[in-house]
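The structure appears right after this line, and notes come after that.
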Amino acid sequence: MKRKKVLLVVDDSPTATLWHRLLLEDEGYEVLTAVDGVEGVRVAQAHVPELVLLDVIMPRMNGFDACRALRDDDRTRDIPILMLTTRSEMQHVMKGFESGCNEYLTKPVDRTELLTKVRSYLDRPGL
């Protein structure tokens, strides 16, 4: 039996976290959650998920800073990071990519689009 791939959802919205967790678990992924960037970095360093879904606007540490922290750590440097946010302004999109994210998606994210992006990073041979 194949091992479930582990994803981390970092979002301060309980509603968004629940929706993403249920969607991803329904697809057979194991889902860890964190409520802000500080906790998200800590969980990622402890569990090293295969992919991170990261909100931008959060208390304590925003998604840009969390993304940079993950990229600066040898354990988490290569994890694909998909930023999911309501901030669609070009300066935020550019800041997202400058901080090291692989994808920048605006909420509300279409279910099919999100699953397609997740699969494109996770369902590659060798993972």
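A few comments on the model shown:
- Segments classed as helices (runs of 4 or more DSSP H), wholly inside the range 1-101, with at least 3 members that are in contact (Cβ under 8 Å) with a residue 24 or more places away in the chain and over 17 Å from Leu115 (Cβ atoms): 37-47, 63-71, 90-99
- Considering each residue of the range 115-127 in turn, at least one proves to be assigned to a helix (DSSP H, G or I), under 22 Å from Glu25 (Cβ atoms) and in contact with a Phe, Trp or Tyr (Cβ under 9 Å, 6 or more places away or on another chain).
- Taken over the range 45-66, residues that are open to solvent by less than 40 Å² (accessible area, probe 1.4 Å), of a type in the set (A, V, I, L, M, F, W, C) and under 17 Å from Tyr121 (Cα atoms) amount to 4.
- Taking (1) at pLDDT 95 or above; (2) open to solvent by 10 Å² or more (accessible area, probe 1.4 Å); (3) under 18 Å from Ser13 (Cα atoms); (4) not aliphatic (A, V, I, L, M) in turn, Gly37 satisfies each apart from (2).
- Residue count for the range 1-40, restricted to those that are under 23 Å from Thr76 (Cβ atoms) and either among the acidic types (Asp, Glu) or touching a strand residue (DSSP E or B) at 6+ places or on another chain (Cβ under 6 Å) (or both): 23.
- Count of residues meeting criterion [without any contact (Cβ under 8 Å) to a residue 60 or more places away in the chain and either hydrophobic (A, V, I, L, M, F, W, C) or open to solvent by 80 Å² or more (accessible area, probe 1.4 Å) (or both)] in the range 102-112: 5
- Taking (1) surrounded by fewer than 18 Cβ atoms within 10 Å (Cβ to Cβ); (2) in contact with a helix residue (DSSP H, G or I) (Cβ under 7 Å, 6 or more places away or on another chain) in turn, Leu122 satisfies each apart from (2).
The values are calculated or read from the model by the stated rules, or taken from the named source; none is laboratory data. Since this is a predicted model, take the numbers as computed values, not measurements. Glycine gets a Cβ as well: all are built from the backbone with ideal geometry, and neighbour counts include every protein chain shown. These area figures cover heavy atoms from the full protein model, side chains too; ligands, DNA and RNA do not enter into them. Shrake-Rupley method; radii C 1.70, N 1.55, O 1.52, S 1.80 Å.
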